[in-house]
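Enquirer: Below are the structure tokens for one structure; questions will follow.
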Amino acid sequence: MDFSVLEELGLSKGEIKVYLALLEQGVSKVGTIIEKTEIASSAVHNSLHTLLNKGLISYIKKGKIRYYQASPPKYLENFFKQKLERLKEILPIIEEKQKIREKQEAEVFEGIKGVTTMLNLLIEDTKKGEEYLFFATYIIGKNKEIQEFFEKYDFRRKEKGLYVRGLALPELKPLFLNRNKILHIKYPKFPIPKDVSIVKDTICLISWGERPIGFLIRSKQIAEMYRSLFNEVWNKT
């Protein structure tokens, strides 16, 4: 079985091997643990020390010899919950540091899952009534598949209570007919940008190729540039 999730949550490989060995064997001496885990003596001693500090194992002494045992697996959940609670305590301080200066940065997301994550990030901190603007996707041959993806995204935006306006080429009108109750769409008869979304001071740019790639740009200046362009086209259509 793959226990790598424990490593992802903060335990070292040595700690995981020692903890699991103790769960399987019960009360054990250091020598027995070394035999079971097949890792170096120094690594076993270090892992025992850190696991003791984390409250995931305990020991009893018989004479001068320590016998170690693992805490019940449910203590793992308690251990990680405590870490999460500590994170929650300092999170407001961390977020405040982020707000100290206006950020202007760009992130790159690859693949369908990456683009999905990017679009969810775009609306993560939005509030009811805020505006979501977009220039629609237009890729011959793949457009229906991509618009089906955005139909699911419609419901996320609706749940957020966002006011969504979009611009699309006239030939895309059939793809939006069933979405008119959620979206406000206009169809200009002249060339417009495509695959661009604007929310507050953030924009998303997507390139739908064999492996989609998205760019999440946080910049008040660039967002205002695209928003002005959108509104200019909107008012002319």
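Enquirer: Kindly provide the set of residues from segment 202-221 that are in contact with a strand residue (DSSP E or B) (Cβ under 8 Å, 6 or more places away or on another chain) and in contact (Cβ under 8 Å) with a residue 40 or more places away in the chain, ordered by number. So that I can check it myself, show each step before the final result.
Expert: Kept after step one, since they are in contact with a strand residue (DSSP E or B) (Cβ under 8 Å, 6 or more places away or on another chain), are these residues of segment 202-221: 202-207, 211-219.
Within segment 202-221, THR202, CYS204, ILE206, ARG211, PRO212, ILE213, GLY214, PHE215, LEU216, ILE217, ARG218, SER219 qualify.
Enquirer: To continue, here is another question. One residue is enough: does segment 69-85 have a residue meeting the conditions modelled with pLDDT of 85 or more, outside the structural domain of PHE150 (by TED's automatic domain parsing) and of a type in the set (Ser, Thr, Tyr)?
Expert: The answer is yes, given that some residue of segment 69-85 is modelled with pLDDT of 85 or more, outside the structural domain of PHE150 (by TED's automatic domain parsing) and of a type in the set (Ser, Thr, Tyr).
Enquirer: To continue, here is another question. Looking only at segment 42-74, count every residue that is exposed (fewer than 12 other Cβ atoms within 10 Å of the Cβ) and in contact with a strand residue (DSSP E or B) (Cβ under 7 Å, 6 or more places away or on another chain) and tell me the total.
Expert: Count: 1.
Enquirer: To continue, here is another question. Are there strands (runs of 3 or more DSSP E) fully within segment 149-237 with at least 3 residues that are in contact with a helix residue (DSSP H, G or I) (Cβ under 9 Å, 6 or more places away or on another chain)? List them. Break it down stepwise before answering.
Expert: On the way: elements: 163-167, 184-186, 196-199, 202-207, 213-218.
By residue number, 163-167, 196-199, 202-207, 213-218.
Enquirer: Tell me which residues, restricted to segment 177-204, are farther than 21 Å from VAL115 by Cα and either in contact with a Leu (Cβ under 7 Å, 6 or more places away or on another chain) or acidic (Asp, Glu) (or both).
Expert: Hits for segment 177-204 are LYS186, TYR187, PRO188, ILE192.
Enquirer: On to the next question. Consider SER207 against the criteria (1) within 20 Å of GLY114 (Cβ to Cβ); (2) buried (at least 16 other Cβ atoms within 10 Å of the Cβ); (3) not hydrophobic (A, V, I, L, M, F, W, C): it satisfies all of them except one. Which criterion is unmet?
Expert: (2)
Enquirer: Within segment 78-95, which residues are under 17 Å from LEU51 (Cβ atoms) and among the hydrophobic types (A, V, I, L, M, F, W, C)? Working first, answer last.
Expert: As a first pass, look at segment 78-95 and keep what is under 17 Å from LEU51 (Cβ atoms): 78-80, 82-83.
Once the filter is applied, which keeps residues that are under 17 Å from LEU51 (Cβ atoms) and among the hydrophobic types (A, V, I, L, M, F, W, C), segment 78-95 yields PHE79, PHE80.
Enquirer: Separate question: Give me the pairs, please: first residue somewhere in segment 83-97 and under 29 Å from LEU56 (Cα atoms), second residue anywhere and modelled with pLDDT under 85 and not in a helix (DSSP H, G or I), beta-carbon distance under 9 Å, and either six or more positions apart or on two chains.
Expert: Matching pairs, first to second residue: LYS83/LEU9; LYS83/GLY10.
The values are calculated or read from the model by the stated rules, or taken from the named source; none is laboratory data. Computed from a predicted structure; not experimentally measured. We place every Cβ from the backbone using ideal geometry, glycine too, and count neighbours over all the protein chains shown.
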